[in-house]
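Each reported figure results from applying straightforward, stated rules to the coordinates on display, with no laboratory input. Note that the coordinates shown come from a computational prediction; the quantities given were computed from them, not determined experimentally. With ideal geometry, Cβ positions are generated from the backbone for all residues, glycine too; neighbour counts draw on all protein chains shown.
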Amino acid sequence: MWKWLHPYANPEVSYHLTNRLLPWLSAFSAIFLSIGLVWALLFAPADYQQGHSFRIFYIHVPAASLSMGIYVSMAIAAFSSLVWQLKLADASAAAMAPVGAAFTAIALITGAAWGKPMWGTWWIWDARLTSELILLFLYLGVIALHNAFEDKNLAGKAAGILTLVGVVNIPIIKYSVEWWNTLHQGSTVSKLGKPSMSLDMLWPFIFCFIGFSFLVALIICLRFRNEILARNSIRPWVRELVKKHNS
Amino acid sequence: MNPRRKKRLAIVGSILIGIGAVAGLVLYALSQNIDLFFTPSEITQGKKETGLKPSLGQRIRIGGLVVPGTVKRDPESLKVSFKLSDMTMPIVFKDSDPMVTVYYEGILPDLFREGQGIVANGTLAEHPPTGLSIEASEVLAKHDENYMPAELAEAAGQKHDKATYSEKQLESKKANSY
């Protein structure tokens with residue numbers, strides 16, 4: 001059943017796969033982001049209470065849900081690296097961590113910028129905001145562990161264990177607004193049934209969300225490629241590549 | 001799967017289950033403390049599961065909906081008072097609902113409206129005519145998850161004007177703070 005995945009455990013095959021993926025990912029993220037952001041920031045109607053301030057929603061919500069999504073994929077990579085000892089899974093987890101940390105930071109900063117005029121405060125220690133801040137610290141811990149050891153396998157193992165421990169935080173972030181009473185509002189878009197948003201505000205969001213997802217995939221792909229090259233720098237196929245590039 | 005992988009899978013799996021269980025228990029034990037605020041009914045009748053009730057003079061946060069028609073603003077200063085009731089769906093305000101009055105002096109956040117969710121931070125006190133009240137030092141607006149364009153909101157009969165302040169009211173703020 002897993003036969004078709006096996007060739008990609010080879011770094012060289014994976015490297016060429018990223019090369020084939022990159023143009024598609026850049027094209028899709030450019031198309032969706034430019035349509036989505038222009039639509040969202042210029043043409044979507046203003047909210048009846050918040051006016052134009054609500055437009056930060058189009059960056060805040062994709063960033064926040066991607067910060068959780070990246071963590072889950074990092075945890076899957078860490079899990080397969082710990083059980084099947086796939087070196088490439090470590091490389092991909094190392095590639096994902098800084099991207100996830102950046103998106104978590106974007107979610108926190110845009111949220112604070114919105115919270116000041118709307119709620120009346122930059123920050124409040126409610127369950128949603130606190131658990132998202134913990135997610136940022138988990139990412140920073142994972143990045144630190146990946147860089148703390150000379151031996152990349154050992155670093156991957158340590159970071160992988162931290163990643164798996166931190167998975168507990170993901171359902172807490174997601175359901176914090178339902179389990180406890182918080183200042184942060186409940187989710188607008190991911191509600192089953194109908195989202196609590198009118199359609200002319202929802203469509204630009206869908207474009208932005210798909211665009212940011214492709215952007216994340218693109219950045220991770222670029223970083224993953226670099227990780228593969230850095231970790232295999234003594235292999236003949238990498239030397240071959242460098243020689244070809246220089247000549 | 002070979003035996004070594006099976007063993008690693010078992011170890012990783014049991015770590016995950018163990019941590020999940022620990023986190024679940026901790027959160028269950030702390031569930032009362034993770035709540036950001038008390039609701040008006042929890043202040044008057046105590047929490048549902050534990051019966052825990054805040055005492056007079058205690059510094060607490062209260063969260064609820066501003067009852068329409070209860071917002072009283074002093075024309076000379078920034079003093080304002082309003083009643084809060086529980087946030088329950090569907091939103092209907094009845095006189096029999098448990099209510100707590102909030103007294104506050106200062107500028108209200110942009111989203112403050114009648115019928116809007118509010119979180120106020122202050123000390124619990126008892127004022128004989130109105131019952132339990134909060135003397136608030138901070139009022140935050142809680143936004144709900146609904147977004148709509150102004151035309152739709154007007155069609156649905158939603159009021160959306162924010163509070164405005166006269167020169168005189170703002171003067172009193174300056175006089176107090178300097």
- Item | Neighbour-limited loop hits for GluC sites (Glu not before Pro), region B:38-125 (at most 14 other Cβ within 10 Å; DSSP other than H, G, I, E, B) | B:E49, B:E76, B:E114
- Residue (of A:A155, A:F207, A:I234) at the positive-pole extreme of region A:56-246, dipole from beta-carbon charges: A:I234
- Relative to the longest principal axis of chain A, what angle (0 to 90°, nearest 10) does the C-alpha long axis of helix A:57-84 take? 30
- Have a look at A:L88, B:S31, A:F28 and report the one farthest towards the positive end of the charge dipole of the protein assembly as shown, computed about the Cα centre with Cβ charges (Lys/Arg +1, Asp/Glu -1). A:L88
- Value of [θ]222 nm, deg cm²/dmol, for chain A, DSSP H segments ≥ 4, -39500 (n - 2.57) each, nearest 500: -25500 deg cm²/dmol
- Message: Applying a 10 Å radius around every beta-carbon, put A:159-171, A:137-149 in order of their mean neighbour count, most first.
- Response: A:159-171, A:137-149
- Evaluate E = 1/(1 + (r/R0)^6) for B:H127 and A:L42, where r is the Cβ-Cβ distance and R0 equals 30 Å; express this FRET efficiency to the nearest 0.05. 0.05
- Modelled label-to-label distance, A:L140 and A:S73, 7 Å Cα→beta-carbon offset: nm? 2.5
- Spin-label point model (7 Å from Cα, Cβ direction): what's the B:K48 to A:W4 distance in nm? 4.7
- Task: Using only Cα atoms, find the angle between the long axis of helix A:87-118 and the longest principal axis of chain A, and express it within 0 to 90 degrees, rounded to the nearest 10.
- Result: 20
- Positive end of the charge dipole of the protein assembly as shown (Lys, Arg +1 and Asp, Glu -1 on Cβ, about the Cα centre): tell me which of B:I19, A:V168, A:P11 has its Cα farthest that way. A:P11
- Task: Residues in region A:203-247, backbone N under 16 Å from the label point at A:K152 (7 Å along the Cα-to-beta-carbon vector): list them, ranges by number please.
- Result: A:221-242
- Message: I want the local charge near A:G36. Using Cβ-Cβ distances under 14 Å, sum +1 for each Lys or Arg and -1 for each Asp or Glu among the other residues.
- Response: 0
- Message: With angles folded into 0 to 90 degrees, how steeply does helix A:11-38 sit against the dominant principal axis of chain A? Use alpha carbons for both and round to 10.
- Response: 20
- Item | All aspartates and glutamates inside 17 Å of A:K244 as judged from Cα atoms, apart from same-chain residues fewer than 8 positions distant | A:E12
